[in-house]
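What follows is a single structure, written as structure tokens, with notes after it.
What follows draws every value from the coordinates through simple rules; no lab data is involved. What you are looking at is a predicted structure, and each value in this text was computed from that prediction instead of being measured. Reconstructed Cβ throughout: ideal geometry from the backbone, glycine too, with neighbour counts over all protein chains shown.
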Amino acid sequence: MASFLKENLFWTRPPRSFKTGEDFVEIVTDPNTDLWQRTYYGFRNDSAPVLQAKTEEQYFSFTVRTQFCGKNRFDQCGVALYLDAENWLKASSEYEDGAMQRLGSVVTDRGYSDWATTDIPASVGEIWYRLSRRESDYMLESSFDGKRFRQMRICHLSEGGKEIAFGVYACSPGQSSFSARFTEMEIGPCVWKAHA
């Protein structure tokens, strides 16, 4: 396993406030930041900060632990693979209200986003995510303990077969701000095995 933080990292739209250390990244979100393209209501927003590493490696898994304290509707943080405004994916929890939040994933392929979710308690403040790559196909998983991962989605990115960039993100689509902390960021061999 290799540490994500030892890679040659770069920001796509750095936030105004963030901290990095030997074993963590902390993002304080700016209001009115989001990632979404067109679907359902035509809305387009390409303003969320993403801290990423580039790779041409065709088979790998990336794991990260997120700790967050979002308390306003749509506050979110998680893992992202961002190529450009019209080609990316993300997995995150998105705060809804005092009772629940949405654990979900978005795939934006050639300019149109989708959103697949499941409801979880609003009290959850810590989630692990794992992004696995097999050429231009990807699997997103989540875990509440860092040990037992559950599949969220398998998807294909039309533009995702060559060099990609992947990492972590946090944003606040509304008039709010919160702190998201990312630790245990590791890159290793692909744990998503070929279909038998």
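Within region 142-161, restricting attention to residues that are farther than 22 Å from Tyr112 by Cα and touching a residue at least 12 places away in the same chain (Cβ under 8 Å), the residue that is surrounded by the most Cβ atoms within 10 Å (Cβ to Cβ) is Ser142. Of the residues making up region 1-45, those that are farther than 16 Å from Ala165 by Cα, touching a residue at least 40 places away in the same chain (Cβ under 8 Å) and assigned to a loop (DSSP other than H, G, I, E, B) are Met1, Pro15, Asp23, Thr29, Asp30, Asn32, Thr33, Asp34, Arg38, Thr39. Among the residues of this structure, Arg102 does not count as one that is surrounded by fewer than 23 Cβ atoms within 10 Å (Cβ to Cβ) and not in a strand (DSSP E or B). For the criterion of being under 14 Å from Phe166 (Cβ atoms), surrounded by 12 or more Cβ atoms within 10 Å (Cβ to Cβ) and touching a residue at least 60 places away in the same chain (Cβ under 8 Å), Phe60 passes. Would region 90-104 turn up any residue that is among the aromatic types (Phe, Trp, Tyr) and closer than 26 Å to Ala53 by Cα? No; the residues of region 90-104 include none that is among the aromatic types (Phe, Trp, Tyr) and closer than 26 Å to Ala53 by Cα.
Across region 108-131, the number of residues qualifying as under 14 Å from the mean Cα position of the chain (by Cα) and either part of a loop (DSSP other than H, G, I, E, B) or crowded, with 22+ Cβ neighbours inside 10 Å (or both) comes to 6. Taken over region 63-88, residues that are outside any strand (DSSP E or B) and among the aliphatic types (A, V, I, L, M) amount to 1. Candidates are the residues of region 143-176 that are among the polar types (S, T, N, Q) and more than 21 Å from Ser3 (Cβ to Cβ); the one that is farthest from the chain's Cα centre (by Cα) is Gln175. Taking first residues from region 170-185 that are on the phi > 0 side of the Ramachandran plot and partners that are in a loop (DSSP other than H, G, I, E, B), the Cβ contacts under 9 Å between residues at least 6 apart in sequence or on separate chains come to Glu184/Asp23; Glu184/Gly146. Take the conditions surrounded by 13 or more Cβ atoms within 10 Å (Cβ to Cβ), hydrophobic (A, V, I, L, M, F, W, C) and assigned to a loop (DSSP other than H, G, I, E, B) and apply them to Ala48. Does it pass? It is true that Ala48 is surrounded by 13 or more Cβ atoms within 10 Å (Cβ to Cβ), hydrophobic (A, V, I, L, M, F, W, C) and assigned to a loop (DSSP other than H, G, I, E, B).
Going residue by residue through region 126-136, is there one that turns out to be β-branched (Val, Ile, Thr) and over 23 Å from Ser176 (Cα atoms)?
Residues of region 126-136 β-branched (Val, Ile, Thr): 127.
Going one step further and asking which of them are over 23 Å from Ser176 (Cα atoms), we end up with none.
No: region 126-136 contains no residue that is β-branched (Val, Ile, Thr) and over 23 Å from Ser176 (Cα atoms).
A count restricted to region 3-19 and to residues that are over 21 Å from Lys71 (Cα atoms), surrounded by 12 or more Cβ atoms within 10 Å (Cβ to Cβ) and either in contact with a helix residue (DSSP H, G or I) (Cβ under 7 Å, 6 or more places away or on another chain) or not β-branched (Val, Ile, Thr) (or both) stands at 9.
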